[in-house]
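Beneath this line is the structure, given in structure tokens, with notes to follow.
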Amino acid sequence: MLFGFILLLSNQRVCNDRLWGFPQMNGKALPAPLRISIDARSAHVIRRGHPWIWRSAVRATPQKLDTGALVTVFDTRGQFVAHGLWDSSSPIAARVYSRIPQETLGLGTLTSAVLRAVDDRNGWFDLADTDAFRLCHGEGDRVPGVVLDRYGTIVVARFDGEAISTWSEMLLGSLWPALKARGFTALAVRDPTRGNASVRVFAGERIPDTITVRERGMKMVVDLMKGQKTGAFLDQRENRRRIRALASRARVLNLFSYSGGFSCAAALGGAAHVTSVDIAHAAHAIAHETFRQNGIDPNAHSFITADVFLFLERAIDSKERFDLVISDPPSFAPNEKSLPKALHAYRRLHEACLRVVAKGGLFCAASCSSHVTLDAFIGTLDDEVLAGRPFRIVETFGQPADHPTVPGWPEGRYLKFVVMAEAAARQASPSHYRDENPCAQ
């Protein structure tokens with residue numbers, strides 16, 4: 001296999017962050033990019049900025065292309081489109097890393113692009129206040145499939161897609177000297193060969209199973225070894241801060257609470273009581289520790305292990321009511337085919353959530369599915385779902401600045417966070433939201 005030997009590099013440091021051109025081993029360069037062609041419509045979409053070439057768009061390829069191979073993409077008229085990496089089995093046949101004809105795609109250009117994203121974050125956060133955030137956001141930073149997250153001085157990498165995964169050992173080896181020079185003490189990687197719940201140290205110091213980081217002044221315990229994604233959902237950071245500002249004296253219900261980020265934020269904001277509901281009992285243990293790290297007694301609040309839909313049924317029957325309800329479920333639409341069922345599930349969930357919101361209360365609804373657009377998600381909060389109650393949308397948010405996207409890639413605008421308020425005593429002030437929006441002046 002063309003790239004089979006790449007995996008032998010895990011313990012070698014044959015490349016450095018200044019190497020340009022094709023990756024090498026023992027002085028031998030890998031083969032030059034191979035030529036593929038795509039249809040005119042797809043070429044137009046790629047030129048406008050979309051990073052994915054679907055297999056159905058491919059019109060001609062060499063007889064044999066291995067996953068991870070360098071490809072140069074042309075349209076059917078022979079005009080250059082992009083440079084990318086080939087995936088032999090995914091519906092996404094290639095991902096685009098450059099649209100510059102003269103550029104040579106290789107380890108050097110990939111390393112440079114990742115470090116550019118890392119350095120772009122310099123000065124964005126006061127590390128005494130926030131030391132957990134995304135350093136490289138894959139397609140959003142124009143390095144498809146490469147995710148780097150910072151937890152204190154530890155960097156955790158994740159590679160999405162088989163094509164870039166064949167380059168992972170080489171790329172990590174090329175990145176580590178530069179990351180170490182920038183003050184990081186360890187580079188770890190979520191290992192796809194061992195399942196989602198496994199992280200291994202690639203270079204640097206041994207890392208702990210859990211780590212306490214800071215997020216907008218709130219301490220947060222992160223399970224690096226068994227946590228979701230790279231350890232935590234860093235894309236909800238600013239929304240957790242918003243919940244903190246909205247929770248004063250409120251009875252708060254956090255659904256799909258996971259490790260309790262929204263719950264602790266609400267408690268720090270002065271909530272009268274917080275109820276956290278998640279089906280994963282182990283996640284509550286992390287939430288308890290996060291509460292303690294912030295000087296809050298978790299025993300003063302409720303942590304319930306239950307299916308959220310069943311919990312809501314019981315809460316409705318017992319006439320429980322909450323001033324602030326947060327719903328942040330896992331993705332209901334993992335693919336386009338599942339979208340109709342997902343939208344039905346969101347409507348069912350939101351209808352139940354709204355029935356436990358107290359009069360004049362707030363409802364915060366989130367979706368992390370790229371297949372659900374903002375308009376489609378808002379459609380699951382229409383007047384039929386509201387059942388006659390006078391709720392209004394007072395604000396909507398997407399992912400934060402360290403999770404950027406590009407205009408030509410709508411799938412990148414995956415996170416939706418909708419704040420709704422009922423027309424009564426407890427309602428959100430627009431000026432209040434401006435104060436909490438870090439982008440507002």
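A few points about this structure:
- Over all projection directions, the Cα-based convex hull of the range 200-254 averages an area of 5.0 nm².
- From its DSSP helices (H runs of at least four residues, each -39,500 (n - 2.57)), the chain gives a residue-normalised ellipticity at 222 nm of -7500 deg cm²/dmol.
- Taking 0.36 nm per residue of separation and subtracting the Cα-Cα distance, full extension of the segment from D126 to A181 would add 17.9 nm.
- Among G145, G123, I207 the positive-end extreme of the charge dipole of the range 108-212 (Cβ point charges): I207
- Antiparallel bridges, percent of DSSP beta bridges restricted to the chain (to nearest 5): 65 percent
- Charging the Cβ of each Asp and Glu at -1 and of each Lys and Arg at +1, and nothing else, the dipole of the chain about its Cα centre rounds to 440 debye.
- Derived value for the range 141-182: Kirkwood hydrodynamic radius 11.0 Å. Basis is the mean of 1/r over every pair of different alpha-carbon atoms.
- GNM result for the chain, Cα springs below 10 Å: residue of P101, P62, P404 fluctuating most strongly: P62
- Annotation: amide H-H contacts under 5 Å for Y97 (H modelled 1.01 Å from N, sequence separation of 5 or more, or interchain): H83, G84, L85.
- Of all lysines in the structure, those lying under 17 Å Cα to Cα from K359, and not within fewer than 8 positions of it along the same chain, are K319.
- R348-D209 pseudo-label distance in nm [points 7 Å out on the Cα-to-Cβ vector]: 3.6 nm
- Build a GNM of the chain with springs between Cα atoms under 10 Å apart, and of A247, A401, A128 the one that fluctuates most is A128.
- DSSP loop chymotrypsin sites (Phe, Trp or Tyr not before Pro) with at most 13 other Cβ within 10 Å excluded, longest remaining stretch of the chain: 125-441
- Label-zone membership for the range 67-110, site W54, 7 angstrom Cα→C-beta point, backbone N under 17 Å: 87, 89-96
- The range 308-353: trypsin sites (Lys or Arg not before Pro) falling in loop per DSSP and having at most 14 other Cβ within 10 Å: K319
- Between E313 and D119, the contour length at 0.36 nm per residue exceeds the Cα-Cα span by 65.0 nm.
- Shape descriptor for the chain: Rg over Rh equals 1.00 (Cα atoms; Rh from the Kirkwood inverse mean 1/r).
Where a number appears in this text, it was derived from the coordinates with a stated rule and is not lab data. Just so it is clear, the structure is predicted and the values come from calculations on it, not from any experiment. Neighbour counts are summed over all protein chains in view; Cβ atoms, including those assigned to glycine, are modelled from backbone coordinates with ideal geometry.
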